Amino acid sequence: MALDDDREIALCSVTSGESVGIPRPPVFPVAKVVLSAPPTTRGWVVAVLGRSGTIALLQPDAEGEGGRWMAMEDGAKHGGFEDMAIWRGRLCALGGDGAVVAYRVSLGARVAAARVLRAAQHPVGYAAGAGGQQRVRGRVCMYLVVDMSGSLVVVQREYSVRRDAVEVEVEVSRFAAEERKWEAVEELAAGEALFVGSVVSVAARATEGSGIRGNCVYMARREVELIAPHAIGVYSLADGEADGLAISGGHSLAAEPVWIAPSLA
């Protein structure tokens, strides 16, 4: 929860209602917050992604309070960071150029050892268009998510607006850690679905009665609301088609939906 007036954030549990206050972050407004472990775990770390594309890390002291923030300064060369995720004990950051950087952080030494998992995919500020043309960014969104098998996944979606219609293209890539290469994903594991958004991205199983469609990417969105008035888009990897999913009771155009993992609901 971000408190705009005080430029502070607090970690709130949706199940217990308890909250944990942390020192004022050096980046604000806040786009996303991820934890390496629950706040009750010794040595847990919180990472904050600012809307400016800068990531800052904090490890509270033994009492769960205090600590000093450490900013990741190299995001600028990637056009700023667009998303982040905790994967195998590392903080992975997705740059605006499509690069993925993994940090093994020693907060005590104030050092972040970086390893590039994926090189830049396109120049900063642009995304590749059809026929080798360059298209100005602004309708391309990229996300990091860890799938049900524990693999790191990049989801890229691109909107093409034609009059009163919106076409969506989605590409999914998975990092094969053993081979150290990225593979295009044409089909998710049986019954699996990915839920991506700027605040939270998760993977879930399409169980009976859940209403979840397997082999689909669920996309929280707000930037095309006036054209396509559905806060959730569902993209099928099987047929390459995207459908809108309405929210009962309507939704606010000022904020996109936030996914809550079924295990926490």
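Quick notes on this one:
- Residue pairs whose Cβ atoms lie under 6 Å apart, separated by 6 or more positions or on different chains, with the first residue in region 221-241 and assigned to a loop (DSSP other than H, G, I, E, B) and small (Gly, Ala, Ser) and the second surrounded by 18 or more Cβ atoms within 10 Å (Cβ to Cβ) and at pLDDT 70 or above, are ALA231/PRO257; ALA238/ASN215.
- Answer residue from region 106-129, given it is modelled with pLDDT under 80 and touching a Ser or Thr at 6+ places or on another chain (Cβ under 9 Å) and is surrounded by the most Cβ atoms within 10 Å (Cβ to Cβ) among those: ALA112
- Residue match in region 173-190 (condition: in contact with a helix residue (DSSP H, G or I) (Cβ under 8 Å, 6 or more places away or on another chain) and closer than 21 Å to MET84 by Cα): no
- ALA204 part of a strand (DSSP E or B), closer than 18 Å to VAL155 by Cα and at pLDDT 60 or above: yes
The values are calculated or read from the model by the stated rules, or taken from the named source; none is laboratory data. This is a predicted model, so every value here is computed, not measured. Positions of Cβ are backbone-derived with ideal geometry, glycine not excepted, and every protein chain shown enters the neighbour counts.
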